[in-house]
1. Select, from GLY44, GLY13, the only residue that is under 20 Å from THR122 (Cα atoms), open to solvent by less than 10 Å² (accessible area, probe 1.4 Å) and in contact (Cβ under 8 Å) with a residue 60 or more places away in the chain.
2. Can you pull out every residue in the stretch 212-242 that is over 27 Å from ALA314 (Cβ atoms) and open to solvent by 50 Å² or more (accessible area, probe 1.4 Å)?
3. Is it the case that the stretch 494-514 has a residue that's touching a Gly at 6+ places or on another chain (Cβ under 6 Å) and not basic (Lys, Arg)?
4. If a residue must be open to solvent by less than 50 Å² (accessible area, probe 1.4 Å) and either farther than 30 Å from TRP385 by Cβ or assigned to a helix (DSSP H, G or I) (or both), how many such residues does the stretch 485-501 contain?
5. Give VAL268, VAL287, VAL302 a once-over and let me know the one that is open to solvent by 10 Å² or more (accessible area, probe 1.4 Å), in contact (Cβ under 8 Å) with a residue 12 or more places away in the chain and out of contact with any His (no Cβ under 6 Å at 6 or more places or on another chain).
6. For the stretch 150-209, name all the residues that are closer than 17 Å to THR252 by Cα, open to solvent by less than 30 Å² (accessible area, probe 1.4 Å) and not in a loop (DSSP other than H, G, I, E, B).
7. State the number of residues belonging to the stretch 428-466 that are of a type in the set (A, V, I, L, M) and either within 20 Å of ILE341 (Cα to Cα) or in a loop (DSSP other than H, G, I, E, B) (or both).
8. Does the stretch 368-388 contain at least one residue that is more than 18 Å from MET465 (Cα to Cα), under 24 Å from the mean Cα position of the chain (by Cα) and in a helix (DSSP H, G or I)?
Amino acid sequence: MLHAAPVFLPLLGAIIAGFFGRLIGDRGSQLVTCGCMVLAAITGAYVFYDVALMGHTRTVEIASWIVSGSFDVTWSVRLDALSATMIGMISLVACMIHIYSCGYMAHDASIPRFMAYLSLFTFFMLMLVSADNFVQLFFGWEGVGLASYLLIGFWYHKPSANAAAIKAFIVNRVGDFGFALGIFAVFMVYDSVGFDAVFAATPGKVGTTINFLGWNFDTLTTICLLLFIGAMGKSAQLGLHTWLPDAMEGPTPVSALIHAATMVTAGVFMVCRLSPMFEYAPTALAVVTVVGASTAIFAATVGLTQYDIKRVIAYSTCSQLGYMFFAAGVSAYSAAMFHLITHAFFKALLFLGAGSVIHAMSDEQDMRKMGGIWKLIPVTYALMWIGNLALAGVPPFAGFFSKDIMLEAAYAAHSGVGMYAFVMGTFAALLTAFYSWRLLFLTFHGAPRADHHTMEHVHESPQIMLAPLYVLAIGAVIAGFALNGLFVGDGRASFWGNAIFVLPDHDTVEHAHHVPLWVKLAPTVAAVLGISGAYLAYIVSPEMPGRMIEAFRGIWLFLYNKWYFDELYDFLFVRPAFWLGRGLWKGGDGAVIDGLGPDGIAATTIAAARRAGRLQTGYVYHYAFAMLIGVVILASFYLYRMGR
């Protein structure tokens, strides 16, 4: 059970803090959840050592879950190099975020609820990555969706937080509908939802067709594309990305947990886990590559224009996820996982560093109202430098190793989509360096732009917030060269084992080591150019950005408004949905159903009763007249019957 401990310890913490939070209080909830996460991180490190490094793969069966005919699902913890790597990373980063939250959320009124939500989210994410079948994968998948809804809308008194939570939930449901269809198709085609059974039978499904929406399509392509739609929603890829920036309405630890290391990487993990299926679906891989590369460049361009410090980092996350997907799309799954791990460290560092800045600036998030604070919060400043260097891909920081191998693999694919990914990825690397240093210079350098009261209260964060940043900074520095040999170097075959499957002629990671020198140098050159451009624009000549905005007003507005995706979706989907819903409510339910049904009967009864009530006047001659009329009617009726 030690190997399953890192998965279930966060659940234990969530149950105690969630159900007994009022009893044990704020401090007790923090101690319980953080204590469980520390134990989860320690056991997670052991799992990584024992399973990934020592090769002791296993499946720990917890219980029989669903048995119905041939549909047999067990609740199991699958431990191989892929899941052990994810368990080790998630438990460590989540542990740091839990500890950080003790300082960041110290004055919040609902600490037990927040800590319970964090731990519950962590449990669902660990359940997702340790799944042994599609149903358990879906359980974890929907669980993190639920927990993210609760965390994004944690400050439910803010209308913007409620709207962001609902938006995240609905957009993810769009992707999850495709994901669910994919799982249904898997069971229909394979008569099983277990990974091992499905993977073993996949080569035999090559060339077969499936009837979908009245048309016959290639079976594996259809299934993989449906599953990838789920990944697009969860990992905020172009088209289903609109929820990610709005999700910054949640507390900063939520941004770090959901949008750096865990939930948004679920789609990348899923594609890598299902590599034995995707490898036999080249069309699906091409779609993954194009969507990933397009997302990388889209998010990078939008990140150039944002002023909210957390939104800039959010679009950076969206862009980096695009890198991971196009790496997986050219069959460089190990490179995608490499960047997933390094990105978790430096992006969590950047988000928590941004939280430290917001804490210092009295909850201010607009970079236009910052500046001139680097001497006041030097530790946060230095840590943000480390995160930015890793994000930009400057050697020897972690991002340099993982970003390089992804771009080299894209070039080494020698395909049209591979070259598209290489070009877009290299250009996105330049933009990434530019906007990350734009963030650094606007936030910390130049003349102070905050009001006098805010500047008087700028202070360094307490050690309980800084200590997790030190750990993440170490990861951002050493994770690249420490894991390079295992993940994408000579030791990758023995490290990954059967966890990742690549057809012999798809081994782009091997081919990446033999690309021309200029391909290897391109990402670093792009990073240097981007940093130099940001230095020139925001330090040497600070009036330059304003002049550029005026000169290219239309382009700037297009990027600042996020390519108008929200406006487009509002026009195509939101307004028609509201119009239809209001019409069905007022016209259908109100006028027809209620009007002819309960409301109509009630209104008729009331009207009849009122008319009858008017007869009760209290005058004897009125009653006598009514009796006379009655006698006349009865007599007439009697004479009529007698005449017949």
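The values are calculated or read from the model by the stated rules, or taken from the named source; none is laboratory data. On a predicted model such as this, the values are computed, not experimentally measured, just so you know. Virtual Cβ from ideal backbone geometry, glycine too; neighbours counted across all protein chains shown. Quick note on the areas: whole protein, heavy atoms, side chains included, nothing else; ligands and nucleic acids left out. Shrake-Rupley method; radii C 1.70, N 1.55, O 1.52, S 1.80 Å.
1. Details: GLY44 fails: in contact (Cβ under 8 Å) with a residue 60 or more places away in the chain.
Criteria check complete, one pass: GLY13.
2. PHE212, LEU213, GLY214, TRP215, ASN216, PHE217, ASP218 - these are the residues of the stretch 212-242 that are over 27 Å from ALA314 (Cβ atoms) and open to solvent by 50 Å² or more (accessible area, probe 1.4 Å).
3. So the first thing to find is which residues in the stretch 494-514 are touching a Gly at 6+ places or on another chain (Cβ under 6 Å), and the list is none.
No; the residues of the stretch 494-514 include none that is touching a Gly at 6+ places or on another chain (Cβ under 6 Å) and not basic (Lys, Arg).
4. Step one: of the stretch 485-501, the residues open to solvent by less than 50 Å² (accessible area, probe 1.4 Å) are 485, 487-489, 491-492, 495-497, 499-500.
Now restrict to residues that are either farther than 30 Å from TRP385 by Cβ or assigned to a helix (DSSP H, G or I) (or both): 485, 487, 491-492, 495-497, 499-500.
So the count comes out to 9.
5. Values: VAL268 fails: open to solvent by 10 Å² or more (accessible area, probe 1.4 Å); VAL302 fails: open to solvent by 10 Å² or more (accessible area, probe 1.4 Å).
Step by step, each of VAL268, VAL287, VAL302 is checked, and only VAL287 is open to solvent by 10 Å² or more (accessible area, probe 1.4 Å), in contact (Cβ under 8 Å) with a residue 12 or more places away in the chain and out of contact with any His (no Cβ under 6 Å at 6 or more places or on another chain).
6. LEU151, ILE152, ALA161, ALA164, ALA165, ALA168
7. At the first step, the residues of the stretch 428-466 found to be of a type in the set (A, V, I, L, M) are 428-431, 433, 439-440, 442, 447, 450, 455, 458, 464-466.
Subsequent filtering for residues that are either within 20 Å of ILE341 (Cα to Cα) or in a loop (DSSP other than H, G, I, E, B) (or both) retains 428-429, 433, 447, 450, 458.
Residues flagged as of a type in the set (A, V, I, L, M) and either within 20 Å of ILE341 (Cα to Cα) or in a loop (DSSP other than H, G, I, E, B) (or both) within the stretch 428-466 amount to 6.
8. Scanning the stretch 368-388 turns up at least one residue that is more than 18 Å from MET465 (Cα to Cα), under 24 Å from the mean Cα position of the chain (by Cα) and in a helix (DSSP H, G or I).
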